[in-house]
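Okay, structure first, notes after.
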Amino acid sequence: MIRTKYKLSLLALIVTFLLTACLGPNQKPQLQKKKYNSEPNISLFISETGETKKIKLEEYLKGVVAAEMDPTWPKEALKAQAILARTFTLKKIEQGGVKVRGTDASTDVEEFQAYDPSRINDQVTQAVNETRGIVVTYQGDFINGWFFADGGGLTSASAAEGLAYFKEETPYIQSVKDPGSAIAPQENKAWTASFPLSQVQRAVKQATGQDVGNISSATIVEKGPSGRVTKIKLGEVVVSGPALRLALGSEQMRSTLLTGLSIQNGQLVVTGKGYGHGVGMSQWGARALAEQGKTAEEIIQYFFKGVKIEKIWK
């Protein structure tokens, strides 16, 4: 997600499914999609003040879109962001919202989506208004409306590859060329991050529960179809690539599309390209497609396979 400095918070995008019944080995969790006849009011936890307020969903989305994407970008890109943000919000509400707060949504980016009403401009307002009530579904259910900044040329082939997400099948996720990589900032095209080994030890413990001990080697063990690293061996411990990125800091380890990994002078040195987990819609790609004349619907259908875009309230 892109904020003032195009920063992405992985935690804002990962959706956790909570099951209310025991499932057999061949069963899948089933979500009962609500039927919306009109725009709902939602409860929103304001992390900055600790208060909870009621707000119309469409009004809330204006603050989300303004925070998640540069408000000056082409309107069709902002509209695509609005549709995905609306879908994300409704799916999360169906799953119970932000249980720790007892609300439907939260302004804490680690609990929900980014939210900054101070960045709302006329273009953001138009983008939300022109997509009012429009969501993305797959076989009747809201999709996981994942998005990220820059795919480094290619989006992830699956939620498992980019997010280590295995809670449900997501056949609408596909690997496509990311046209946004050509116009993304240079810092996304090639980046280097260094982490003290003490920090890496803590990150491995957080990600795996194991004490890695002295780390004398770092090896890429496995990559997915799009080239993203899915498993890394640090010392004698194998850790998920997405989990390590999250534990080290998703703004420092900008992606798992790695070009290098080594131990140098007491630090883990990581090089790569792109910014974000790579699953779903590339925001720079959305901008590039919008500049090519594509509509918001065409942008979403480019990044998500076999989905339906539908209006569920007027």
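The values are calculated or read from the model by the stated rules, or taken from the named source; none is laboratory data. These figures come from a predicted structure and were not determined experimentally. Note that we place each Cβ from the backbone using ideal geometry, even for glycine, and neighbour counts take in every protein chain shown. Quick note on the areas: whole protein, heavy atoms, side chains included, nothing else; ligands and nucleic acids left out. Shrake-Rupley method; radii C 1.70, N 1.55, O 1.52, S 1.80 Å.
For this structure, a couple of remarks:
- Taken along the Cα-to-beta-carbon direction at a fixed 7 Å, the label points for residue 186 and residue 100 span 3.9 nm.
- Taking 0.36 nm per residue of sequence separation and removing the Cα-Cα distance, the residue 265/residue 53 pair yields an extension gain of 71.3 nm.
- Of 112, 45, 166, the residue with the greatest mean-square motion in the GNM of the chain, using alpha carbon springs below 10 Å, is 166.
- A simple rule links phi to the HN-Hα coupling: the Karplus curve 6.51 cos²θ - 1.76 cosθ + 1.60 with θ = phi - 60°, which for the range 199-216 gives 5, 5, 4, 5, 5, 5, 4, 5, 7, 10, x, 9, 8, 7, x, 5, 9, 10 Hz, with x for Gly and Pro.
- Note on the chain: with a GNM built from Cα contacts shorter than 10 Å, the maximum mean-square fluctuation among 121, 37, 129 falls on 37.
- Ligands, DNA and RNA left out, the accessible area of the range 218-307 computed with a 1.4 Å probe is 44% carbon and sulfur.
- Solvent-accessible surface of the chain, averaged per residue with a 1.4 angstrom probe and all protein chains in place: 43 square angstrom.
- FRET efficiency, residue 130 to residue 252 (Cβ-Cβ, R0 51 Å, nearest 0.05): 0.90
- For the chain, the spread of Cα positions along each principal axis, largest first, Å: 59, 48, 42
- Which listed pairs, of 53/79; 177/205; 189/294; 189/231, have C-alpha distances above 28 Å, in listed order: 177/205
- Simple label model, 7 Å out from Cα along Cβ direction - residue 198 to residue 298, nm: 5.5
- Burial ranking of peptide ranges 184-192, 288-296, 58-66 (average Cβ count within 10 Å, highest at the top): 58-66, 288-296, 184-192
- Using the Cβ-Cβ distance between residue 210 and residue 168 with R0 set to 41 Å, the FRET efficiency works out to roughly 0.95.
- Remark on residue 174: its backbone amide H falls under 5 Å from those of 280, 305, a criterion applied only to residues 5 or more positions apart or on other chains, H modelled at 1.01 Å from N.
- Relative contact order %, the range 84-156, counting alpha carbon pairs below 8 Å whose residues are six or more apart: 40
- For residue 152, the amide hydrogen comes within under 5 Å of the amide hydrogens of 274, 275, counting only partners 5 or more places away or on other chains and with H modelled in the peptide plane.
- Pairwise centroid distance, computed over Cα atoms, of the range 187-210 with the range 262-301, Å: 20
- The chain: most fluctuating residue of 257, 246, 197 per GNM, C-alpha cutoff 10 Å: 197
- Other-chain or far-sequence residues with amide H under 5 Å of residue 259's (modelled H): 271, 272, 273
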